[in-house]
Amino acid sequence: MAILVTGGAGYIGSHTCVELLNAGYEIIVVDNLSNSSEKALERVREITGKKLTFYKADLLDKEALDNIFKKEKIDSVIHFAGLKAVGESVSMPLKYYHNNITGTITLCEVMQKHGVKDIVYSSSATVYGNPETVPIREDFPLAATNPYGRTKLVIENLLKDLHVSDNCWNIVILRYFNPIGAHESGKIGEDPKNIPNNLMPYITQVAVGKLEYLGVFGNDYDTPDGTGVRDYIHVTDLALGHLKALEKLKEKPGVSIYNLGTGKGFSVLEMVKNFEKVSGRTIKYRILPRRPGDIAICFADPSKAKKELGWEATRDINKMCEDAWRWQKNNPNGYND
Ligand code: NAD
Ligand code: UD1
């Protein structure tokens, strides 16, 4: 029996494939490669020395999905596939709603038809909007502030409704904080197609000389040094959380929701300093105005995942920076090298 990994060629998906294969799972990847490269999967095979099956297919293509479910013996699904750029979601909401929500509906319809009712879903801390207090617990109010975040919320609710309609559905919703870093081999990592939106890939591209300086979005927040604070989590720790979630599915949990974060916050300038220390490179930066939609502080209370999944992040900020740097240094042009 295999695990179907949607979006498995992407950043978090490829790292999760490595951990699944290392743990002995058989995996089937479905990805339309709209934001990824098949090379990531070749590297996954290289790192693990194991086989995986890949279908280049779109979740919106019901017939293609149906054929995959007919052909393969699928036990559970880890559902990463989706579009994730917040800014783009504001200018192209229909694209985001259609791809993320309709894609998930199509997937669930095909799963239902084939009697596969165990799913782990990639949600995000973005569903908490601007929290009143930190650390953020899973029972905090939900309030997404952009179309991307709203697709995450709609899908969370859709999955909960599915369980209400048929309690054979077992669903684990994982709310990721800020995934960074790369596999320690330096063979797979984050490979943004254009200028990075997120902090760590921006820093690594400055370090490698592809970008001139980092723009720090605001230094007047109510934080110790005035710059935004986030809960950065090593992508391998995040990937390992999915293995624990799969185990949880076997306990028939109904619907469970977990924060995956470290519980620690780092500011933008602390991230710059840590990165400089591990890489030996100087990161030039300039203070710019705040980025619209940004919040001051966001970090998780990850205690529910520790208690119920037996999962906890173990890789520290230096390891996150070290691994992100190794990936960027070895692959200055990502998978295009
Ligand atoms: P990613 O873009 O690297 O991976 C997503 C993958 O899904 C890509 O390979 C893309 O080609 C594929 N895809 C998109 N639409 C598809 C479709 N219709 N059919 C088939 N494949 C499709 O992103 P990621 O960072 O690995 O994120 C994975 C998931 O985690 C996403 O759902 C994202 O919203 C969520 N998430 C990511 C972050 C983050 O910071 N990276 C934070 C919170 C949540
Ligand atoms: C962003 C998304 C969020 C998504 C998350 C993970 C926005 C508004 N939010 O969150 O929905 O779940 O990524 O993919 O885009 N920063 C700079 N300069 C930069 C880039 C970032 O100073 O060039 C700062 C930001 O202001 C923030 C911190 O670095 O304080 C982290 O930013 P980023 O990596 O984009 O993540 P989030 O804003 O937390």
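The values are calculated or read from the model by the stated rules, or taken from the named source; none is laboratory data. Given the structure is predicted, the values throughout are model-derived calculations rather than measurements. Because the Cβ atoms are built from the backbone with ideal geometry, glycine has one as well, and the counts that use them run over all protein chains shown. Quick note on the areas: whole protein, heavy atoms, side chains included, nothing else; ligands and nucleic acids left out. Shrake-Rupley method; radii C 1.70, N 1.55, O 1.52, S 1.80 Å.
Helix 235-250 against the longest principal axis of the chain: what's the angle in degrees, Cα atoms only, rounded to the nearest 10?
Result, in degrees: 30.
Under 13 Å from a point placed 7 Å out from the Cα of Lys252 along the Cα-to-Cβ direction: which residues of region 133-168 have their backbone N that close?
Only 167-168 fall inside the zone, counting backbone N under 13 Å.
How much solvent-accessible surface does Trp327 expose, in Å² to the nearest 10, with a 1.4 Å probe and all protein chains in place?
Roll a 1.4 Å probe over it and Trp327 shows about 10 Å².
Can you list residues whose amide H is under 5 Å from Ile173's amide H, if they're 5+ apart or on another chain and H is modeled 1.01 Å from N?
Tyr121, Ser256, Ile257, Tyr258
Principal axis extents for the chain, Cα atoms only, whole Å, descending order, please.
54, 43, 39
Which value at 222 nm does the chain reach when only helices count, each DSSP H run of 4 or more adding -39,500 (n - 2.57), with the total divided by all residues and rounded to the nearest 500 deg cm²/dmol?
Result for the chain, helices only: -11500 deg cm²/dmol.
Would you mind calculating the gained length between Tyr213 and Ile287 on full extension (0.36 nm times residue separation, minus the Cα-Cα distance), in nm to one decimal?
Here the segment from Tyr213 to Ile287 would lengthen by 25.6 nm.
Report, in degrees rounded to the nearest 10, the 0 to 90 angle that the Cα long axis of helix 38-48 makes with the longest principal axis of the chain.
Approximately 90 degrees, to the nearest ten.
Taking N as the number of residues in region 82-196, what value does Rg over Cα atoms divided by 2.2 N^0.38 Å take?
1.18
Under 12 Å from the Cβ of Ser279, count the other residues' Cβ atoms, weight Lys and Arg +1, Asp and Glu -1, and hand me the total.
+2
How do Arg137, Arg175 rank by accessible surface area computed with a 1.4 Å probe, from largest to smallest?
Arg137, Arg175
Can you compute the modelled spin-label distance between Asn318 and Glu38, with each label point 7 Å from Cα toward Cβ, in nm?
Distance between the two pseudo-spin positions: 4.1 nm.
Between Tyr148, Tyr176, Tyr285, find the one with the highest GNM mean-square fluctuation for the chain; connect C-alpha pairs within less than 10 Å.
Tyr285
How far apart, in nanometres, would the label points at Glu308 and Asp66 be if each is projected 7 angstrom from Cα along the Cα-to-Cβ direction?
3.5 nm
Roughly speaking, to the nearest percent, how much of the chain's 1.4 Å accessible area is carbon and sulfur?
That share works out to 49 percent.
For region 198-302, what is the percent of antiparallel DSSP beta bridges, rounded to the nearest 5?
Counting DSSP beta bridges with both partners in region 198-302, the antiparallel share is about 25 percent.
Please work out how much accessible surface Val208 shows to a 1.4 Å probe, ignoring ligands, DNA and RNA, in Å² rounded to 10.
Roll a 1.4 Å probe over it and Val208 shows about 40 Å².
Quick check: pseudo-label points 7 Å beyond the Cα along Cα→Cβ at Ser165 and Thr53, how many nm apart are they?
Going by the 7 Å Cα→Cβ label model, 2.7 nm.
Rounding to the nearest 20 debye, state how big the charge dipole of region 96-142 is about its Cα centre with +1 on each Lys and Arg Cβ and -1 on each Asp and Glu Cβ.
180 debye
Explain nothing, just the number: dipole magnitude of region 224-292 about its Cα centre with +1 on each Lys and Arg Cβ and -1 on each Asp and Glu Cβ, in debye rounded to the nearest 20.
240 debye
Ranked from the most accessible area to the least, with a 1.4 Å probe and all protein chains present, what is the order of Arg43, Arg281?
Listed by decreasing accessible area, they come as Arg281, Arg43.
Indicate the gyration tensor shape class of region 236-337 (rounded, prolate or oblate), computed on the Cα atoms with a ≥ b ≥ c the square roots of the eigenvalues: a/c under 1.5 is rounded; otherwise a/b larger than b/c is prolate and the rest oblate.
Prolate.
Along the charge dipole of the chain, Cβ charges K/R +1 and D/E -1, which of Ile233, Leu159, Ser36 sits furthest on the positive end?
Ser36
I'd like the accessible area for Met1, computed on protein heavy atoms only with a 1.4 Å probe and all protein chains in place. Round to 10 Å², please.
140 Å²
Starting from the amide H of Ile74, placed 1.01 Å from N in the peptide plane, find each other amide H under 5 Å away whose residue is 5 or more places distant or on another chain.
Placed amide hydrogens put Ala2 under 5 Å from Ile74.
With the cut-off at 1.5 for a/c, could you classify region 265-306 from its C-alpha gyration tensor as rounded, prolate or oblate?
oblate
With a ≥ b ≥ c the root eigenvalues of the C-alpha gyration tensor of region 22-62, is it rounded (a/c under 1.5), prolate (a/b larger than b/c) or oblate?
oblate
Listed here are the pairs Lys62/Lys84; Lys73/Lys113; Lys248/Lys304; Lys117/Lys248; Lys244/Lys306; Lys160/Lys264; which of them are more than 19 Å apart at the Cα?
Lys62/Lys84; Lys160/Lys264
What is the Cα centroid distance between region 173-201 and region 304-320, reported in whole angstrom?
Rounded to whole Å, the Cα centres lie 17 Å apart.
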